[in-house]
Amino acid sequence: MPSARCPAILIAAPASGQGKTTVACALARLHTRQGRRVRVFKCGPDFLDPYWLSLASGAPVHQLDLWMTGDADCAQRLHAAAQEADLIIVEGVMGLFDGEPSAADLARRFDLPVLTVIDAGAMAGTFGALAWGLQHYREGLRFAGVLANRVASEGHAAMLKDGLRDPALWLGALMRSEAVTLPERHLGLVMAHELDDALARLDAAADALADSALGQMGVADLQVWAVDFEAPDSAGTGFPADALQGQTIAVARDAAFCFLYAANLDCLQAMGAQLVYFSPLADSGLPVCDALWLPGGYPELHAETLAANSAMKTAIVEHARAGKPVWAECGGMMALFDQLTTVDGSSHPMWGVLPGCVTMQKRLAALGPQQLDVANGSLRGHAFHYSTCATPLQAAARTQAAPGRKLRGEGEALYVAGPTGSVRASYFHAWFASDPAAAARLFLKEAS
């Protein structure tokens, strides 16, 4: 298979909170409105930014991570995107050089030009020093330029531009404006579908970016970012096509359970599963299914509604008692316990499939890439949560830190329950394509 050539840009920053997602969304929305095919990826294990990026581009957004998803997976997805897109945008994670592997590692591996976004709201000449440092800190990076965010005025923008050693790197400025700000809460951005004006915010951001040098780049200009994406080695990149053949998996999907990798859904379907969706908040029962997947999300924000839906609780309890498989991740696991206590101290009864209680806290409880060894396999993924659980259940297994990383205390527990051990739950979020066969066994009665 030949290589595929396509303009591509990795949007990075010196730290979190600089406005990477806003700029990535604005750029994607601007080119999508102009009729171009834009494919967007998110660097690292992020669930929230992809919802905004998908809304901006009108296409699914997948994750790229040299460890969690793997080099071959990244290569395959980028090559496939390059064959159909006019522009590829990759949003970085944290600061450009933060993490192992970092966004810079991804950029260097695939020769992606790097655009840095800097929150310049409280600086002038230092902007140039920061831009120069990001450009030259590590050899081998292809630097595209710098964009100033949250700028106070045109005069302020001129001072920032004058501070650059190479004025050609200036790609413009976004002025400070609430209209283009994407709202946040404790786990990251507010979900796009929770806001009535989500698309209007993206259009406002695109309109603002259109006035910058970055926003004025046309089809011919984009070729300066062209990348040749080599065809991946097809060996080992497929899925066991019949692993879940004939299995119907019910997937919780609503405002309380929304942390779903699009690639995980694709993985299950590629192995033959039929996916049906339901809302634990609004529905009175489960769809007809062989297995149940309760992904992460925000059960703590909807605890009262979940507690009041006794019909859904009954349906989930009956599913578990029947020995049918359940895979519950983070927020999905939280709802399976007897009780959930929110950060204000109020307690709510949950589904009672797992004994014990979950308590929200203001401090982050766990964060980082991890892997979970399961029967005849190992799944890569991550953990990110603000709650702790107290349960008499003993951990059937625990996650291990990714290479080069350390865990705070013990790894995340895998709890196994139900009459046949078919209920499996953990704070761990799995990337199914890291071991598709192991992922399939989570949804089969034969799994141990």
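Sub-6 Å Cβ pairs linking a first residue in region 141-169 that is touching a residue at least 40 places away in the same chain (Cβ under 8 Å) to a second residue that is in a loop (DSSP other than H, G, I, E, B) and among the charged types (D, E, K, R), at least 6 apart or interchain, are R150/R176, ordered by first then second residue.
Filtered by the rule that a residue be out of contact with any strand residue (DSSP E or B) (no Cβ under 8 Å at 6 or more places or on another chain) and basic (K, R), region 133-179 gives R138, R165.
G356 falls short of the stated requirement of being surrounded by 23 or more Cβ atoms within 10 Å (Cβ to Cβ) and assigned to a strand (DSSP E or B).
Table: residues versus (1) in contact (Cβ under 8 Å) with a residue 24 or more places away in the chain; (2) within 25 Å of A322 (Cβ to Cβ); (3) of a type in the set (A, V, I, L, M).
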site: S347; (1), (2), (3): no, no, no
site: W351; (1), (2), (3): yes, yes, no
site: R363; (1), (2), (3): no, no, no
site: Q400; (1), (2), (3): yes, no, no
site: P419; (1), (2), (3): yes, yes, no
site: H429; (1), (2), (3): yes, no, no
site: A433; (1), (2), (3): yes, no, yes
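Counted as qualifying within region 204-271 are the strands (runs of 3 or more DSSP E) with 1 or more residues that are in contact with a Lys or Arg (Cβ under 6 Å, 6 or more places away or on another chain), namely 226-229.
All of D211, D203, D197, D228 fail the test of being at pLDDT 95 or above and among the charged types (D, E, K, R), apart from D228.
Scanning region 111-129 for residues that are assigned to a helix (DSSP H, G or I), among the hydrophobic types (A, V, I, L, M, F, W, C) and surrounded by fewer than 18 Cβ atoms within 10 Å (Cβ to Cβ) returns a single hit, A129. The listed residues are A390, A417, A365, and the only one of them that is aliphatic (A, V, I, L, M) and under 28 Å from G70 (Cα atoms) turns out to be A365. There is at least one residue in region 12-32 that is modelled with pLDDT of 95 or more, surrounded by fewer than 24 Cβ atoms within 10 Å (Cβ to Cβ) and among the hydrophobic types (A, V, I, L, M, F, W, C). Selection of strands (runs of 3 or more DSSP E) fully inside region 1-110 by the criterion of at least 3 residues being free of Cβ contacts under 8 Å to residues at least 40 places away in the same chain returns nothing. Taking the criterion of being of a type in the set (D, E, K, R) and either under 14 Å from L444 (Cα atoms) or touching a helix residue (DSSP H, G or I) at 6+ places or on another chain (Cβ under 9 Å) (or both), the only residue of region 314-343 that qualifies is K324. Taken over region 419-448, the criterion of being of a type outside the set (A, V, I, L, M) and surrounded by fewer than 19 Cβ atoms within 10 Å (Cβ to Cβ) is satisfied by P419, T420, G421, K445, E446, S448. State whether the residues of region 389-409 include one that is under 23 Å from the mean Cα position of the chain (by Cα), of a type in the set (G, A, S) and surrounded by fewer than 17 Cβ atoms within 10 Å (Cβ to Cβ). Yes, region 389-409 contains a residue that is under 23 Å from the mean Cα position of the chain (by Cα), of a type in the set (G, A, S) and surrounded by fewer than 17 Cβ atoms within 10 Å (Cβ to Cβ).
The values are calculated or read from the model by the stated rules, or taken from the named source; none is laboratory data. These figures come from a predicted structure and were not determined experimentally. Cβ sites come from the backbone with ideal geometry, for glycine too, and all protein chains shown count toward neighbours.
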